[in-house]
Every structure is written in structure tokens, then in C-alpha cells.
Amino acid sequence: FLVDLLVSLLTGYRHPGNGNLVVDPWRCFLNYAAGWLIFDALIAFPFQWVVDVGTSGRSPFASLRVFRYARLIKVVRMTKIIAQASKATLDACQSSVSFHVSKGLVRLCISALLPCHLSACFWYALGIAAYHAGGDCWLDNLPAEQKLTLPAPDQHIHGQVASEMYQVCVYFVLTTMTTVGYGDLGPRNVNERLFAMGLLVQCMVVFSTFLGVLNSVLVDMYSESSYARQQLIKLIRYLHWRKVPATLRASIVAHMQHNWEQNHVHLSHEENVCSQLSPSLRVSLMEHVFGPVLTQAPFLCWMHGPAVREVCYFASTKFYQEGDIVIGAGEVVETIFCLT
């Protein structure tokens, strides 16, 4: 708690007015002092150094020990902060291709391994039940020395024997689901035959799910850069058709490739999103995007509240290359440019 107190003194915060990140140490201290500083100092105070907990005598500071239980409030508060951080991390990861690929791989493993594991366990349960009942079962196909290691009816399988039997069951399930069928293991009673028939039907569902998830993973891996690659190929063909010099061609390709990979996709999506939002939501989004830039411009410092929101509604993003002419001499311009 003492370490948390010291770290919190220098932890930045978001300004409640404009949402900017404040990292100035003195302002961070004042913000913390106006909030949780007294409470955190109280619960972080080492009462066990002041109050002798082990003595039977009454200390004048013994009543202060009750403040130690206020640390539970701190724990609850930290739990909420961790939950908010986890949500923010999840929101950030959801926009990453790597996150979706990893999620697809996990789904791939679950869709393939979980049915295989459950089927192997059920296959062993059928065999051991019939074996203890004295009937024919697939365990009769095992070598004699391996059958001697099987557990008695009142015992549980464990250790090396459990590992070996699990390998045998998974081996049978995989050879059946892949329709290989080597013939060394197979059903020998009605229940086992019914299970094998159900396993063949199950394999169709499992493999269709497996292929669907695998296709989704591959699409997620290549969809992010497919647009840029296609546009780059078209651009290079066009430049070669126009016989553009190599130096100029390299500059054009570098500029366009940067726009496609970093900005174009997001700007196109932003225009699409804004066109579908209600006017109030669009103004709120545009205020979040352009508000911090406009409010920091010295010539717009007089604007507040509704005026800022109105200007943000008409704001847009443009990308320029070094050397581009933004305003020409003698030109009447009705557009305000804020360079960032």
C-alpha cells in the first residue's frame, strides 16, 4: 500500500474538460491530493509498527487498528480499475489482426481437440465397463501384458497406465475420425459399434467446423493488407504505362503506400461511419476527433461549448506531402488549416 501511494502521487490523469493526458508532477500531486490521497495515506499507514498487536495491555493507539479494514475498500477500488484496464486492453486488441488470428487459433484448437478428448474418454469408459462385466470389448485387442495393468473394478486408473490408455483411446478416435482405420483396434460389442457409428457422424461436423475456422483465420491474416497490395499493383502498372521516371515513381509509390496502409482505410471507414450516425452522435464523434486540435489553436481560443461543436461538425482530415501548396498567393481561401 505504501508503494501504491508513492506511485499514485506521480500517476498521470485525463483532464475532465478536454480529455488530454496530464503528466506534470505538480498537477498530478494536486489532483491526487484533492481525491484519494488522505484515504490512501490512512490505509497505508503501518499501524502494526505503532500498535503492539501481541500485547494484552491497552494501547492508546489500539483503536486506530480499525482503519486497517479500510484496505478492503482499496482492494475493491483496484479491482474496478483492473476491470476498466482489462476492458480498454480488450478494446485495443479487438482492432488488431493478431488478436483475431490468435482467437481463431484458439477456436481451432478447441473445435478439434475437445471433441477428440471427450470421445477418447467415452471410448475408454465403454471398454472398461464391458471388460469388468466379462464381455467382449475393444480392450481384448490389447497385448496381454498391457491388459494386466488395467485397474480392478473398485480402483481408478492413474499414473503411467492412465497415460498409455489415453494415448490408445486418442489413437483410435483419430484413426476413426480420419477414416484411416488400421484395423488393430475396433468395436467388438453393440455399444461400441453404436459409438463408432456416432463418431463417424461427429467427424463430419468436427471437420466442417475445423475447416470453417481455419478459413476464417486465413482470411483475417490476409484481409488487412489485401486492399493495399491490390491498389499498389494497379498503381505500379499505371506508372509503367505512363513511363514515369524511376525517381518520381518511387516517391509516388512511397506516398500512396503510406496512405493506404496507415490512413486511407481508416478515413474511408470514418466517412462511412459518420454517414450512418445521427447528427448528435456525429457531432460528439467529431468533437472528440477534432476538438483538442481546435481548442489549442490560438486564433480559436475564444470558442467554447456549442461553437466548438459546430466547427467540429464541418472539420475533416487531409494528408499532404512535403512541398504541397496549400494556399497560393492572391487566392481567396475559405478553409481553415490546422497543421498537426
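Values quoted throughout were computed directly from the atomic coordinates according to the rules given, and no laboratory measurement underlies them. Bear in mind the structure is a predicted one, so any value in this text is a computation, not a measurement. Because the Cβ atoms are built from the backbone with ideal geometry, glycine has one as well, and the counts that use them run over all protein chains shown.
Rounded to the nearest 20 Debye, what is the dipole magnitude of region 132-263 about its Cα centre when Lys and Arg each give +1 and Asp and Glu each give -1 at the C-beta?
Computed about the Cα centre, the dipole is about 1420 debye.
Highest mean first, how do 210-219, 114-123, 147-156, 178-187 rank when packing is the count of other Cβ atoms within 10 Å averaged over residues?
Per-residue mean Cβ counts within 10 Å order the peptides as 114-123, 210-219, 178-187, 147-156.
Using the Karplus equation 6.51 cos²θ - 1.76 cosθ + 1.60 (θ = phi - 60°), what ³J(HN,Hα) coupling, rounded to whole Hz, does each residue of region 278-283 give in order, writing x for Gly and Pro?
Taking θ as phi minus 60°, the curve returns 6, x, 5, 5, 5, 4 Hz for region 278-283.
Can you compute the modelled spin-label distance between LYS147 and ASP184, with each label point 7 Å from Cα toward Cβ, in nm?
Here the answer is 1.7 nm between the modelled labels.
Given H placed 1.01 Å from N in the peptide plane, which residues other than close sequence neighbours of TYR13 have an amide H under 5 Å from its amide H?
Answer set, sorted by chain and number: VAL22.
Short version: ³J(HN,Hα) in whole Hz for each residue of region 6-14, in order, from phi by Karplus 6.51 cos²θ - 1.76 cosθ + 1.60 (θ = phi - 60°), x for Gly and Pro, what are they?
Karplus values, whole Hz, x for Gly and Pro: 5, 5, 5, 4, 10, 8, x, 8, 8.
Report the per residue volume, in Å³, of the convex hull enclosing the C-alpha atoms of region 111-207.
92 Å³
Averaged over every viewing direction, what's the projected area of the C-alpha convex hull for region 102-161? Give it in nm², one decimal, please.
Across all orientations, region 102-161 yields a mean hull projection of 5.4 nm².
For region 286-340, treating each Cα as an identical point scatterer without solvent, what Debye log10 I(q)/I(0) comes out at q = 0.17, 0.23 1/Å?
Each listed q corresponds, in turn, to -0.63, -0.99.
Sort 241-252, 33-44 by the packing proxy (mean of other Cβ within 10 Å over each peptide's residues), most packed first.
33-44, 241-252
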